[in-house]
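A.B. asks: Supplied in structure tokens, the structure appears directly below.
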């Protein structure tokens with residue numbers, strides 16, 4: 001009897017597994033099992049074929065998804081959703097013309113759908129038709145607010161067209177309508193941080209944007225680099241040092257991106273001189289021994305392609321209490337000489353505007369080296 005009972009339970013389990021419908025799998029979001037109903041496609045209804053197509057879409061198998069959407073349509077399914085998701089899959093396959101046609105069909109069936117209209121704009125955007133895409137996104141804004149991504153896309157187009165005033169307004173508007181769970185919310189914060197830092201020069205607003213972005217993505221260390229630059233530009237050096245200390249610990253744990261681990265430093269500030277950009281890098285290695293480098297300043301040539309001049313802040317011998325601990329030097333790799341300038345600091349945490357000021361004096365030929373040696 002026990003063996004018969006086990007066989008019965010085993011067969012019952014198989015029956016229940018087989019009996020689960022496409023809708024059951026869909027409700028459970030078991031897309032792997034749902035996709036396996038592909039083998040029974042001949043016996044599936046139009047709606048079930050659509051669900052199998054959606055499962056393949058979720059599994060990022062767009063060709064299969066389109067195949068089953070077409071089967072569902074051929075079997076009589078005429079819903080806006082099947083055409084919309086077919087359009088999405090076609091767009092992911094970069095078949096933009098066909099994708100546009102499917103989205104148009106979906107909109108014809110459901111013209112007030114904000115997500116559909118947004119997708120129409122994205123297809124045009126992917127084709128490089130920015131003006132047409134912008135018009136579509138603006139139209140999408142006027143529809144019932146069920147999918148407010150169009151606010152992000154209009155701002156992004158403004159940004160790409162270098163209309164930074166319109167972009168900034170648009171990205172702030174994006175934050176009002178988009179939920180924080182939407183990836184474009186983070187994109188908008190980062191864009192605001194960049195524009196406020198580089199264009200508006202409002203470093204406090206830049207700080208606010210990057211700080212909020214870090215809360216959303218705490219292991220995106222590029223955001224910390226940008227926050228440090230904003231703090232330094234606002235001359236909030238204690239806060240900049242605090243963030244840098246966090247990154248130094250992350251560096252010591254080997255968790256920073258490969259480039260930073262190899263360079264052992266990050267850019268913490270930048271400035272302009274006679275139309276050229278200069279970048280201030282700070283080393284993650286604390287300067288302890290003589291000639292240890294704590295900061296480097298790179299003057300980039302006018303073409304923005306290579307380093308024209310290279311300045312260093314090196315550890316020196318401090319004889320007196322509160323005396324000079326770090327000296328400003330220059331490394332000339334072409335002439336293979338090392339220049340030392342009559343300027344230094346009594347601290348390892350040097351305000352970046354002071355570094356900028358003294359480097360500009362040298363570049364303007366208002367300060368000459370006090371010593372020269374061969375490398």
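A.B. asks: If residue 250 satisfies every condition in (1) within 26 Å of residue 359 (Cα to Cα); (2) at pLDDT 95 or above; (3) surrounded by 14 or more Cβ atoms within 10 Å (Cβ to Cβ) but one, which is the exception?
C.D. replies: In the conditions (1) within 26 Å of residue 359 (Cα to Cα); (2) at pLDDT 95 or above; (3) surrounded by 14 or more Cβ atoms within 10 Å (Cβ to Cβ), residue 250 misses (1) alone.
A.B. asks: While we're looking at this one, here's another question. May I ask you to verify whether residue 40 is under 29 Å from the mean Cα position of the chain (by Cα) and either modelled with pLDDT of 90 or more or part of a helix (DSSP H, G or I) (or both)?
C.D. replies: Values: under 29 Å from the mean Cα position of the chain (by Cα): no; either modelled with pLDDT of 90 or more or part of a helix (DSSP H, G or I) (or both): yes.
Against the criterion (under 29 Å from the mean Cα position of the chain (by Cα) and either modelled with pLDDT of 90 or more or part of a helix (DSSP H, G or I) (or both)), residue 40 does not qualify.
A.B. asks: Now, a different point. Which of the following residues is under 28 Å from residue 117 (Cα atoms), free of Cβ contacts under 8 Å to residues at least 24 places away in the same chain and in contact with a helix residue (DSSP H, G or I) (Cβ under 9 Å, 6 or more places away or on another chain): 220, 182, 163?
C.D. replies: Details: 220 fails: under 28 Å from residue 117 (Cα atoms); 182 fails: free of Cβ contacts under 8 Å to residues at least 24 places away in the same chain.
When all the criteria are applied, what remains is 163.
A.B. asks: Output the qualifying pairs, or none if there are none: Cβ atoms under 7 angstrom, residues six or more apart or on different chains, first residue in the range 197-215 and more than 20 Å from residue 183 (Cβ to Cβ), second residue outside any helix (DSSP H, G or I) and at pLDDT 95 or above.
C.D. replies: The qualifying pairs are 203/234; 204/234; 207/234.
A.B. asks: Still on this structure: Quickly run through the range 265-281 and pick out the residues that are crowded, with 17+ Cβ neighbours inside 10 Å and either in a loop (DSSP other than H, G, I, E, B) or in contact with a helix residue (DSSP H, G or I) (Cβ under 6 Å, 6 or more places away or on another chain) (or both).
C.D. replies: Of everything in the range 265-281, those that are crowded, with 17+ Cβ neighbours inside 10 Å and either in a loop (DSSP other than H, G, I, E, B) or in contact with a helix residue (DSSP H, G or I) (Cβ under 6 Å, 6 or more places away or on another chain) (or both) turn out to be 266, 268, 269, 271, 280.
A.B. asks: Is it the case that residue 229 is touching a helix residue (DSSP H, G or I) at 6+ places or on another chain (Cβ under 9 Å), closer than 25 Å to residue 195 by Cβ, surrounded by fewer than 18 Cβ atoms within 10 Å (Cβ to Cβ) and modelled with pLDDT of 95 or more? Quick ask: steps written out before the conclusion?
C.D. replies: On the way: touching a helix residue (DSSP H, G or I) at 6+ places or on another chain (Cβ under 9 Å): yes; closer than 25 Å to residue 195 by Cβ: yes; surrounded by fewer than 18 Cβ atoms within 10 Å (Cβ to Cβ): no; modelled with pLDDT of 95 or more: yes.
Considered against the rule, which asks whether it is touching a helix residue (DSSP H, G or I) at 6+ places or on another chain (Cβ under 9 Å), closer than 25 Å to residue 195 by Cβ, surrounded by fewer than 18 Cβ atoms within 10 Å (Cβ to Cβ) and modelled with pLDDT of 95 or more, residue 229 comes out as no.
A.B. asks: Which is in contact with a helix residue (DSSP H, G or I) (Cβ under 9 Å, 6 or more places away or on another chain) and closer than 22 Å to residue 229 by Cα, of 286, 356, 314?
C.D. replies: Values: 356 fails: in contact with a helix residue (DSSP H, G or I) (Cβ under 9 Å, 6 or more places away or on another chain); 314 fails: in contact with a helix residue (DSSP H, G or I) (Cβ under 9 Å, 6 or more places away or on another chain).
Every option except 286 fails the conditions.
A.B. asks: Quick one: which residue in 170, 193 is crowded, with 21+ Cβ neighbours inside 10 Å, within 17 Å of the chain's Cα centre (by Cα) and either at pLDDT 95 or above or closer than 25 Å to residue 257 by Cα (or both)?
C.D. replies: On the way: 170 fails: within 17 Å of the chain's Cα centre (by Cα).
Result: 193 is the single residue among 170, 193 that is crowded, with 21+ Cβ neighbours inside 10 Å, within 17 Å of the chain's Cα centre (by Cα) and either at pLDDT 95 or above or closer than 25 Å to residue 257 by Cα (or both).
A.B. asks: Residue check, residue 364 against (1) within 24 Å of residue 238 (Cα to Cα); (2) out of contact with any helix residue (DSSP H, G or I) (no Cβ under 8 Å at 6 or more places or on another chain); (3) at pLDDT 95 or above, all met but one. Which one?
C.D. replies: If we test residue 364 against (1) within 24 Å of residue 238 (Cα to Cα); (2) out of contact with any helix residue (DSSP H, G or I) (no Cβ under 8 Å at 6 or more places or on another chain); (3) at pLDDT 95 or above, just (1) comes out false.
A.B. asks: Filtering the range 285-297 down to residues that are in contact with a strand residue (DSSP E or B) (Cβ under 6 Å, 6 or more places away or on another chain) and not in a strand (DSSP E or B), which residue is modelled with the highest pLDDT?
C.D. replies: Filtering the range 285-297 down to residues in contact with a strand residue (DSSP E or B) (Cβ under 6 Å, 6 or more places away or on another chain) leaves 287, 290-297.
Restricting the remaining residues to those that are not in a strand (DSSP E or B) gives 287, 290-292.
Values: 287: 87, 290: 87, 291: 87, 292: 91.
Here the answer is 292.
A.B. asks: Does any residue of the range 313-330 turn out to be within 28 Å of the chain's Cα centre (by Cα), within 19 Å of residue 235 (Cβ to Cβ) and buried (at least 19 other Cβ atoms within 10 Å of the Cβ)? Full working, then the answer.
C.D. replies: Step one: list which residues in the range 313-330 are within 28 Å of the chain's Cα centre (by Cα), which gives none.
Scanning the range 313-330, I find no residue that is within 28 Å of the chain's Cα centre (by Cα), within 19 Å of residue 235 (Cβ to Cβ) and buried (at least 19 other Cβ atoms within 10 Å of the Cβ), so the answer is no.
A.B. asks: Can you report the number of residues in the range 362-375 which are loosely packed, with under 15 Cβ neighbours inside 10 Å, touching a strand residue (DSSP E or B) at 6+ places or on another chain (Cβ under 9 Å) and either at positive phi or not in a loop (DSSP other than H, G, I, E, B) (or both)? Talk me through it step by step, then tell me what you get.
C.D. replies: In the first step, residues of the range 362-375 are kept if they are loosely packed, with under 15 Cβ neighbours inside 10 Å; the result is 364-366, 368, 370-375.
From what is left, the residues that are touching a strand residue (DSSP E or B) at 6+ places or on another chain (Cβ under 9 Å) are 364, 368, 370-375.
In the following step, the residues that additionally are either at positive phi or not in a loop (DSSP other than H, G, I, E, B) (or both) were identified as 371-374.
Total satisfying the criteria: 4.
A.B. asks: Same structure again: With the structure loaded, tell me whether residue 104 is closer than 30 Å to residue 218 by Cβ and touching a helix residue (DSSP H, G or I) at 6+ places or on another chain (Cβ under 9 Å) or whether it fails that test.
C.D. replies: Details: closer than 30 Å to residue 218 by Cβ: no; touching a helix residue (DSSP H, G or I) at 6+ places or on another chain (Cβ under 9 Å): yes.
No.
A.B. asks: For the range 65-75, which positions are part of a helix (DSSP H, G or I), touching a helix residue (DSSP H, G or I) at 6+ places or on another chain (Cβ under 8 Å) and more than 9 Å from residue 89 (Cβ to Cβ)?
C.D. replies: Within the range 65-75, 67, 68, 70, 71, 72, 73 qualify.
A.B. asks: Sticking with this one: Considering only residues that are over 20 Å from the mean Cα position of the chain (by Cα) and surrounded by 11 or more Cβ atoms within 10 Å (Cβ to Cβ), which ones fall in the range 234-244? Break it down stepwise before answering.
C.D. replies: First, the residues of the range 234-244 that are over 20 Å from the mean Cα position of the chain (by Cα): 234-242, 244.
Of everything in the range 234-244, those that are over 20 Å from the mean Cα position of the chain (by Cα) and surrounded by 11 or more Cβ atoms within 10 Å (Cβ to Cβ) turn out to be 234, 235, 236, 237, 239, 240, 241, 242, 244.
A.B. asks: Being assigned to a helix (DSSP H, G or I) and surrounded by fewer than 21 Cβ atoms within 10 Å (Cβ to Cβ) is the filter here, so list the residues in the range 125-156 that pass it. If you could, list the steps in order and put the result at the bottom.
C.D. replies: Our first condition is that a residue be assigned to a helix (DSSP H, G or I); within the range 125-156, this holds for 125-126, 130-141, 150-156.
Once the filter is applied, which keeps residues that are assigned to a helix (DSSP H, G or I) and surrounded by fewer than 21 Cβ atoms within 10 Å (Cβ to Cβ), the range 125-156 yields 125, 126, 130, 131, 132, 134, 135, 138, 139, 141.
A.B. asks: Let me ask you something else. For the range 201-215, give me each residue that is within 18 Å of residue 165 (Cα to Cα) and in contact with a helix residue (DSSP H, G or I) (Cβ under 7 Å, 6 or more places away or on another chain).
C.D. replies: 202, 203, 205, 206, 209
A.B. asks: When residue 218 is evaluated against the numbered criteria (1) assigned to a loop (DSSP other than H, G, I, E, B); (2) at pLDDT 95 or above; (3) closer than 30 Å to residue 98 by Cβ, which criterion, by number, is the only one it fails?
C.D. replies: (3)
The values are calculated or read from the model by the stated rules, or taken from the named source; none is laboratory data. Keep in mind it's a predicted model, so treat the numbers as computed, not measured. Note: ideal-geometry Cβ built from the backbone for every residue, glycine included; neighbour counts use all protein chains shown.
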